[in-house]
Structure formats: structure tokens, C-alpha cells
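Following: one structure in C-alpha cells, then a few remarks.
The values are calculated or read from the model by the stated rules, or taken from the named source; none is laboratory data. These numbers were taken from a predicted model, which means no experiment stands behind them. Here Cβ is always computed from backbone atoms with ideal geometry, including for glycine, and neighbour counts include all displayed protein chains. Each accessible area value is taken on the protein alone, full model and side chains, heavy atoms only, with ligands, DNA and RNA left out. Shrake-Rupley method; radii C 1.70, N 1.55, O 1.52, S 1.80 Å.
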Amino acid sequence: MQQKPTLPGTTDRRIASLLTLLAENATIIISGERIAREIGVSRTTVWRLVQRLRELGVRVKGQTATGYFLEKVPDIITPDLLRKRVKGKLFGKRFLHFFKTDSTNRVALELAFAGEEEGAVVLAEEQTAGRGRAGRKWHSEVGSGIYVTVLLRPRLSPVQAPLLTILAGLSLHAAILAQTGLNTELKWPNDILIGGKKLGGILTEMHAEPTQVRFVIVGIGVNVNQEKFPPELSSIATSLRKESGNFHSRLELLVRLLREFESDYNRFLREGPAYVVERFGEVSQFASGKRVHVDTGRETYVGTTAGLTTDGLLRVKKEDGQVITIIAGDVKEVR
Ligand code: BTN
């Protein structure tokens, strides 16, 4: 089989295999010889790869003569572990993992322009320039959150692309509920909140002809195990750990998210926008009847949400009775 090119900076396949092997045999000492055989490298290379893992903060105990074991299984989302759990037709073929990158959206865009197939999943343990909506930065602390971008090539008109942001939010809502029992709030167009604080966000970027989408990348950030946020975020951000008091496996959550998203995406393509619009209406407390303050960048006003259009845009009824469709803007609840 022809090997697909990897991008500079992606996790060395051998490091990923070593980590998977150690993680799957967490309490057992594995000889350097067995590791060398199983991942297909020399014993000297095993030693070098172990040093590299230690530099990345993974607690590997032991030495070449005695063998190696993991002191603590790290919550690293290795592509090997993910590949074993996500076997969908869409997501499951291609995972690109980075210990550190600037932005998984930036990487996915590069791949998409280079002709990468639909379904590629780009993930990182840390982002140095995570992108948020409206040019904001997405705080991406190492190993604490999920930072993932998926590449889609749907046969849609560009005006329907916002529905994919909403769909990803619905999939994330379902994945979090199934794993933690926490009922998140979905705020149009891309916020996942708990108690009004930001738990996750979605940034969709698109390349399109006038009538046809070429590709869409859907970037999803979720605060999972952060115990603290920088002072400027502490009053507006939260994590699953802060809300539940428990540690949560990022791998498990990502597996659920990708499975949910694949099934939701297929349903949307089969059934059309109504599936997304109706589900958003059922799940989001913001979809209708919520008094909101809207800032479109050009004007601000107060009104009441009145559901989504078939293209996933928010309708707001102003106080004078006029109904406005919002294409882009900040919507905040008026308390
Ligand atoms: C928002 O502002 O709410 C959107 C945040 C989106 C963050 C995610 S993290 C993974 C992906 N890569 C990025 O650079 N941004 C998105």
C-alpha cells in the first residue's frame, strides 16, 4: 500500500507505536528486545525513542537492560489507540497527531489545499496559536483539552456550510452527555457552555466555488481536564473536570465525538437541513424564546431568538416586531 506523506512535526509513527505498546501493557515490564521486535526498530533506536518520550513528559521507567514500563499511563491521544476505536467509513482512515503544533485548523487547511481526502482528522496535545472565532485565540494548554480538526468535502452549497458548525455542536453535546452525564448548553453559532461559561467552541473554515463547497474544515476545542484557566479566562471558561470534579479521558470523549459526528453528518447529507435545524431547536435553550443582546459588528440590538433558518442562521425578533436573520455576530443572553 502506498504510504501517504506525513507533514513536518507530526508525531513519529515509531514513538506513537512505542507509547501504545507501553500503554497497553501498563503495569508490565517489557524488554527492549520485545519492543524492538514489535515496533520494528533496533534496540538502540528503542532507547532513543524512550528518551524522546521522556522529553515529552511521559513517565517511562526502566532501562535497556531491564526493560521499560510506564509509571503512569498518560492521557495522550495516540493515533494508534484512536484507530482501534474509531472505525467509521469517514473518520478512521487517516489521523495526524502532533504533540505540539500552531493550530490544527491551519494544518487541516494546508492538507485540504494539497488534496487530502475527506475524513482526515488532525489532532494535537498542545496548540501554540489555537484559533478562535472573530480572530480570538483559543487557549490550548498541553494535554488538558481536545484540539481536533476534521476535513469534509460535502456536496453542499456554501450557504449551507454554517449547518456543519451547528451539527458539530450537536454531536459534541451528545458525546459529553453520554460520557459525563453533563447537559451542555448550545449557543448559536458555535458555543458549548455550562452555567453560561465556555466549555468548548467550534471554528469552521471553508473554501468554495460560488455554488459548491470545495472543502470545509471543522475545528473543535473542548476544555476537558483543566483545573485552572489564565486570569483573563477564569470567569468565562470552564472544563468538564471543574464542572464534575472528576478527571475525564480525552481519548474516550474524542472517540464518542467522532462516532457521533460521523453518524450526524451522514444523516444530514441524507435528510437535509431539517435534521440539523429541528435537533438544534430541541437541544439548544437559545434557539427560541431567549432574550438576547446581538452585536453584528455594524449594529447592536436586543431581541428574542426565533429559531434557525434552513441554512442555519439565527432569527431574532427585535423589540419593534421586525425579524432579523443574523449571518454572523455575537449573541449574549440578556439576564
Ligand atoms: C471559538 O472561538 O469558540 C472557536 C474555538 C475553536 C478552537 C478549536 S481547537 C482545534 C481547532 N484548531 C484551532 O486552531 N481552532 C480550533
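Points to keep in mind about this one:
- Here's the list of aspartates and glutamates a cross-link from K93 could span, going by alpha-carbon distance under 12 Å and ignoring same-chain residues fewer than 8 apart: D80, E116, E117, E118.
- Using alpha-carbon coordinates, inclination of helix 162-180 to the longest axis of the chain, degrees: 60 degrees
- Computed packing ranks the peptides 104-116, 222-234 as 104-116, 222-234, most packed first, by mean other Cβ atoms within 10 Å.
- The mean accessible area for residues of the range 65-163, using a 1.4 Å probe and ignoring ligands and nucleic acids, is 42 Å² per residue.
- In degrees, nearest ten, helix 250-271 long axis to first principal axis of the chain (Cα): 50 degrees
- Whichever lysines have a C-alpha closer than 18 Å to that of K61, once near sequence neighbours (fewer than 8 apart) are set aside: K72
- Net charge of the neighbourhood of G119, taken over other residues with C-beta under 11 Å away and scored Lys/Arg +1, Asp/Glu -1, is 0.
- Atom-type composition of the exposed protein surface of the range 219-334 places 47 percent of the accessible area on carbon and sulfur (1.4 angstrom probe).
- The range 17-66 and the range 274-335 have Cα centres separated by 53 Å.
- Sorting the segments 59-70, 253-264 by their mean number of nearby beta carbons within 10 angstrom, highest to lowest, gives 253-264, 59-70.
- Counting only residues at least eight positions apart within a chain, or on another chain, the lysines with an alpha carbon under 16 Å from that of K187 are K197, K198, K290, K332.
- Packing rank of 150-156, 237-243, 265-271, where each peptide gets the mean count of other beta carbons within 10 Å, highest leading: 237-243, 150-156, 265-271
- Charges were assigned to the Cβ only: +1 to each Lys and Arg, -1 to each Asp and Glu. The resulting dipole of the range 177-335 about its Cα centre is roughly 300 debye.
- Neighbourhood charge, 15 Å Cβ-Cβ cut-off, centred on I28 and excluding it, Lys, Arg +1 and Asp, Glu -1: -1
- Dipole magnitude for the chain: computed about the Cα centre from +1 point charges on Lys and Arg Cβ and -1 point charges on Asp and Glu Cβ, it is near 700 debye.
- Accessible surface of the range 132-177, 1.4 Å probe, proportion on carbon and sulfur as whole %: 57 percent
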